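The values are calculated or read from the model by the stated rules, or taken from the named source; none is laboratory data. Because the structure is a prediction, the values reported are computed rather than measured. Positions of Cβ are generated from backbone atoms using ideal geometry, with glycine treated the same way; all protein chains shown enter the neighbour counts. The area values use the complete protein model at the heavy-atom level, side chains included, leaving out ligands, DNA and RNA. Shrake-Rupley method; radii C 1.70, N 1.55, O 1.52, S 1.80 Å.
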Amino acid sequence: YYISGVENIRYYEVDHPDVIERKKETIRKVMGKLPEHVTYVAVDFNTQDVETELQNAGYELSSKALFIWESVSPYLTKEANDATFVLVSKARSGSKIAFSYTSDSFITGENLNNKALKRLRRTLVERYKIVVYGYDPNTIESYLSNGGILEVV
């Protein structure tokens, strides 16, 4: 919000409705108002279509975009993850996505030799069931580029 010139870039902040409201409240407190160049889009990725919600907010697929999708995919179903990649694949040529993901072995509990990771998995996956999906680091590149979801348009 404080980078010189950023106010000239249309920015869409997409997150769960509860999180969007907390973000907006915090930004109003810190900055005094919501920035005019930011459009806040409340989406429950697991139950709503992110593409539809973004388009309803004014985003156009013909626009070149950088999608930053950090710390989201583990909390979503496979279908919601796939829908996001489909959206990115439809964006204007030259658009990019930077994202983080959880390894599928964290979800299954396989090959976890670290006690802290095992404890974290028990809490997030087993007890609260909030981390639900992961990718195989050995196959994610082919999943995304070679006959994977990014070819589905």
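Of all residues in region 33-51, those being out of contact with any helix residue (DSSP H, G or I) (no Cβ under 8 Å at 6 or more places or on another chain) and open to solvent by 60 Å² or more (accessible area, probe 1.4 Å) number 3. Out of region 1-15, which residues are open to solvent by 70 Å² or more (accessible area, probe 1.4 Å) and either touching a Lys or Arg at 6+ places or on another chain (Cβ under 9 Å) or over 18 Å from residue 65 (Cβ atoms) (or both)? Once the filter is applied, which keeps residues that are open to solvent by 70 Å² or more (accessible area, probe 1.4 Å) and either touching a Lys or Arg at 6+ places or on another chain (Cβ under 9 Å) or over 18 Å from residue 65 (Cβ atoms) (or both), region 1-15 yields 1, 2, 4.
Per-residue answers, yes or no, for (1) open to solvent by 60 Å² or more (accessible area, probe 1.4 Å); (2) out of contact with any Gly (no Cβ under 7 Å at 6 or more places or on another chain); (3) without any contact (Cβ under 8 Å) to a residue 40 or more places away in the chain:
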position: 54; (1), (2), (3): no, yes, no
position: 76; (1), (2), (3): no, yes, no
position: 97; (1), (2), (3): no, yes, yes
position: 106; (1), (2), (3): no, no, yes
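The residues of region 20-52 that are within 21 Å of residue 79 (Cα to Cα), assigned to a helix (DSSP H, G or I) and either of a type in the set (Phe, Trp, Tyr) or free of Cβ contacts under 8 Å to residues at least 12 places away in the same chain (or both) amount to a single one, 52. Residues satisfying the criterion are present in region 115-129 (criterion: at positive phi and either open to solvent by less than 30 Å² (accessible area, probe 1.4 Å) or at pLDDT 95 or above (or both)). Per the listing 57, 83, 91, the residue uniquely at pLDDT below 95, out of contact with any Lys or Arg (no Cβ under 6 Å at 6 or more places or on another chain) and under 22 Å from residue 6 (Cα atoms) is 91. Hey, among 124, 120, 112, 61, which residue is of a type outside the set (D, E, K, R), over 25 Å from residue 40 (Cβ atoms) and not in a helix (DSSP H, G or I)? Only one candidate qualifies: 112.
If you filter region 64-75 down to residues that are touching a helix residue (DSSP H, G or I) at 6+ places or on another chain (Cβ under 7 Å) and assigned to a strand (DSSP E or B), you find that the one that is nearest to residue 96 (Cα to Cα) is 67.
Checked against (1) at pLDDT 95 or above; (2) surrounded by 12 or more Cβ atoms within 10 Å (Cβ to Cβ); (3) part of a helix (DSSP H, G or I), residue 144 meets all criteria but (1).
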